[in-house]
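Read the figures in this text as sums done on the coordinates, not as results from a lab. Bear in mind that the values here come from a model prediction, so they are computed numbers and not experimental data. When we count neighbours, we look across all protein chains shown, and the Cβ atoms used for this are built from the backbone with ideal geometry, even at glycine.
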Amino acid sequence: MIFISFGSIVLSVLFSLWGLFLHWLSIFAAPLQEPEMFWIIIPIWINWFFTEFFMEKHGTSFGNAIGNGVMPILASVDWARYLYRLISEGIIRLTFGVLIKFFLSLAVLIYGVFVIIAGIKIERIVFYIGRIRWITYVLVMTTPIVYNVIKFDFQTCLAILLFFPLYWWVIEIFDRITPEPRVYQESS
């Protein structure tokens with residue numbers, strides 16, 4: 001009897017995790033539901049690809065982190081522009097949910113400015129928070145929320161936090177199995 005109860009609990013947890021995982025994957029696919037989002041998502045992914053594999057293959061530098069801090073600033077300005085346009089056209093009203101999205105935009109803007117300032121001041125934290133992998137994750141996860149494709153709720157927050165290590169390690173493994181760019185080979 002105890003084994004059946006334990007088994008049903010384990011199955012419930014596994015199904016819940018699977019549901020969260022599918023929700024997390026849907027965040028990556030969200031631009032397909034709102035094509036206007038591509039105007040900010042495509043530059044984020046292109047910047048991530050070139051920075052991750054050609055500049056930060058072995059970690060970030062202060063200069064890279066300073067440059068990486070610009071992407072959150074640009075994305076947050078785009079999010080605020082998008083929300084303002086929807087309000088001014090009467091598509092949405094200024095509700096608490098919209099204020100939360102403006103707050104997210106402001107928080108990401110402050111994050112970008114903080115990364116730039118920390119890089120200029122040569123603070124060691126910039127090696128973590130200024131890495132393009134972190135920045136891209138924050139932007140890719142937040143953009144669908146601001147663009148009204150993904151609900152900003154507990155399930156979304158939990159999926160974003162829970163599966164960040166998976167995102168990190170998939171890229172890390174890919175980083176390790178891909179060949180070294182010539183720029184690294186020539187500087188050795």
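Annotations
- Nearby aspartates and glutamates by direct alpha-carbon distance to residue 121 (threshold 17 angstrom, same-chain neighbours under 8 apart not counted): none
- Counted by neighbouring Cβ atoms within 10 Å, the residues 135, 129, 173, 117 run from fewest to most as 173, 117, 129, 135.
- Taking the average, over residues, of other Cβ atoms within 10 Å as the packing measure, peptides 61-70, 5-14 rank 61-70, 5-14 from highest down.
- Reachable lysines, given that their alpha-carbon falls under 27 Å from the alpha-carbon of residue 151 and they are not under 8 places away in the same chain: 101
- About its Cα centre, the dipole of segment 2-187 is roughly 300 debye, where the only charges are +1 on Lys and Arg Cβ and -1 on Asp and Glu Cβ.
- Helix runs (DSSP H) in the chain reaching 30 Å along axis by Cα, Kyte-Doolittle at least -0.5: 2-29, 96-120
- Using a Gaussian network model of the chain in which every pair of alpha carbons under 10 angstrom is joined by a spring, one finds that among 123, 36, 89 the greatest mean-square fluctuation is at 89.
- The Cα-based radius of gyration and maximum Cα-Cα distance (Dmax) for segment 71-162 are 14.3, 45 Å.
- The Cα-based radius of gyration and maximum Cα-Cα distance (Dmax) for the chain are 19.1, 65 Å.
- Loop-located trypsin sites (Lys or Arg not before Pro) in segment 106-162 (DSSP state other than H, G, I, E, B) with a sparse environment of at most 10 neighbouring Cβ atoms within 10 Å: 121, 124.
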